[in-house]
Structure formats: structure tokens, C-alpha cells
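This report refers to the structure that appears directly beneath it.
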Amino acid sequence: MDRTAIRIVALLIGAAGIIVTVTKVTVPGTDLSFWDENLFITKQGIIESVHAWVFSLLALIGVFIELGSEIFDWPKEKRQKSTRFYFGTVVVIVAALVVVVTLFTTSANWLARQCWQPQIVAKMQEAYKDARFIVEHDGWRPKDIDNTATLSNPDRYRNANLESAKETLLRAETLLELPPDITDLPQRIARLDRYFGR
């Protein structure tokens with residue numbers, strides 16, 4: 001491999017790292033409005049931060065390859081191959097980088113999840129406990145269980161509580177990237193208990 005090929009490799013590795021670093025991560029739900037903090041934005045911020053670090057490392061690898069080649073004057077040979085060879089080198093390196101970027105992305109997503117999941121669970125803990133209580137008590141909040149007879153329209157109140165609980169469960173499931181394949185509320189609670197505990 002001559003100096004030109006090394007430079008092509010270094011340039012493509014660095015470019016791949018930079019391009020992915022500046023590419024925004026899309027997390028569904030960042031455009032929603034909540035009374036409290038939008039946890040989808042929190043999640044997106046953590047994922048983007050981890051991606052920036054991981055892919056900056058990839059870009060630095062490209063820079064270090066080029067620097068090492070220049071500092072150690074290796075390889076000694078300058079451009080020796082045909083244009084077709086270098087074009088083929090670009091195609092092969094780009095194909096290899098697609099695989100490398102996919103692996104880096106998978107690793108970055110796993111690493112980011114280790115960061116954002118505990119934060120999301122901690123911030124949603126109280127809302128989840130309220131939702132679980134409502135589901136387990138047929139739509140009633142703790143303060144209302146003994147006062148159902150004094151409510152002017154208990155069914156309407158109960159249904160509103162259940163709708164609120166469903167929204168909380170849906171938000172938790174979406175944030176934790178759980179598939180929406182369960183409709184039974186107690187089963188949804190059981191699945192989320194693995195993250196939130198009882």
C-alpha cells in the first residue's frame with residue numbers, strides 16, 4: 001500500500017466519523033408537550049452526546065493514521081497505482097466503513113441506553129407508581145378510594161384516571177422502546193415492573 005492509499009483510508013475514516021457525529025439522532029416524542037420535563041428530549045440529548053464521543057473517536061482514528069503516516073514517513077512509496085486502483089480502494093473502504101459505522105452505532109446505542117434508561121426510570125418513577133395504583137384499583141387514586149360516594153360523577157372521574165394512567169404507561173413504553181403489542185393493562189404493568197420495580 002502506498003502513501004496515497006493510506007491517505008484515502010485516513011480521509012474516509014475521518015470523514016465517516018465527522019459525518020455521523022454531526023448527524024442528529026431522531027427520537028420520537030421530542031415534539032410533544034408535557035406539564036413537566038419532556039423526557040424524550042432528555043433521552044435524545046444523552047444519545048447524541050454518546051454518539052458524538054464514539055464517532056469523534058472514529059474520526060480521530062483517521063487523523064492518527066494520517067499523522068502516523070506523515071511522522072514516520074510510512075510508506076515510503078508515493079502514488080504508484082492507477083486511478084482505477086484508487087477508485088476501487090475507495091469503494092472497498094466505503095463498504096467496510098458502512099459495516100464499521102453500523103457496529104459503532106449499535107455499540108453507541110447500547111452505551112447510551114446504559115446512560116439514559118436509569119435516568120428515565122428515576123424521573124418517571126412517581127408517575128409510574130400512580131399509574132400502576134390506578135390500574136390495580138380499577139381507576140381510583142389513593143385519595144379517592146374511601147371517597148367514591150361523595151363524587152358527583154364517579155364513573156367519569158374513574159375513566160379520566162384510567163386514561164391518565166394509560167397515557168403514562170404509553171409514555172414509559174415508548175421511552176423504553178417496548179413494542180406496543182400488549183393491550184391488557186395488568187400485563188403492561190407487569191412488563192414495566194421489570195424496569196420500575198414494585
Q: For the stretch 46-64, indicate whether the set of residues that are over 28 Å from Ile18 (Cα atoms), exposed (fewer than 14 other Cβ atoms within 10 Å of the Cβ) and either in contact (Cβ under 8 Å) with a residue 12 or more places away in the chain or more than 14 Å from the chain's Cα centre (by Cα) (or both) is non-empty.
A: no
Q. Hey, any hits in the stretch 75-98 for a residue that's closer than 26 Å to Glu173 by Cβ and modelled with pLDDT of 95 or more?
A. no
Q | Some residue of the stretch 101-108 being closer than 30 Å to Asp2 by Cα, modelled with pLDDT of 95 or more and surrounded by fewer than 16 Cβ atoms within 10 Å (Cβ to Cβ) | A | yes
**Q.** From the options Val99, Val121, residue that is part of a helix (DSSP H, G or I), under 30 Å from Ile18 (Cα atoms) and among the hydrophobic types (A, V, I, L, M, F, W, C)
**A.** Val99
Q) Is one or more of the residues making up the stretch 134-148 free of Cβ contacts under 8 Å to residues at least 24 places away in the same chain, of a type in the set (Asp, Glu) and assigned to a helix (DSSP H, G or I)? A) yes
Q. Quick check: is even one residue across the stretch 179-186 assigned to a helix (DSSP H, G or I) and either basic (Lys, Arg) or exposed (fewer than 13 other Cβ atoms within 10 Å of the Cβ) (or both)?
A. yes
**Q.** Top-ranked residue in the stretch 109-131 [being free of Cβ contacts under 8 Å to residues at least 60 places away in the same chain and not aromatic (Phe, Trp, Tyr); ranked as farthest from Asp155 (Cα to Cα)]
**A.** Gln114
Q.
Kindly evaluate Lys81 against the criterion of being surrounded by 12 or more Cβ atoms within 10 Å (Cβ to Cβ), in a loop (DSSP other than H, G, I, E, B), more than 16 Å from the chain's Cα centre (by Cα) and of a type in the set (D, E, K, R).
A. yes
Q) Given the residues Ile145, Ile189, which is the only one that is modelled with pLDDT under 95 and among the aliphatic types (A, V, I, L, M)? A) Ile145
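Results for (1) in contact with a Leu (Cβ under 8 Å, 6 or more places away or on another chain); (2) among the polar types (S, T, N, Q), shown as yes or no for each residue.
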{"position": "Ile93", "(1), (2)": "yes, no"}
{"position": "Trp116", "(1), (2)": "no, no"}
{"position": "Trp140", "(1), (2)": "no, no"}
{"position": "Asn147", "(1), (2)": "no, yes"}
Q.
Considering only the stretch 20-32, I want to know if a residue exists there that is of a type outside the set (Phe, Trp, Tyr), more than 30 Å from Gln125 (Cβ to Cβ), part of a loop (DSSP other than H, G, I, E, B) and in contact (Cβ under 8 Å) with a residue 40 or more places away in the chain.
A. no
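The values are calculated or read from the model by the stated rules, or taken from the named source; none is laboratory data. Treat the numbers as computed from the prediction; the structure is a model and nothing was measured. Glycine also receives a Cβ, built like all others from the backbone with ideal geometry; neighbour counts cover every protein chain displayed.
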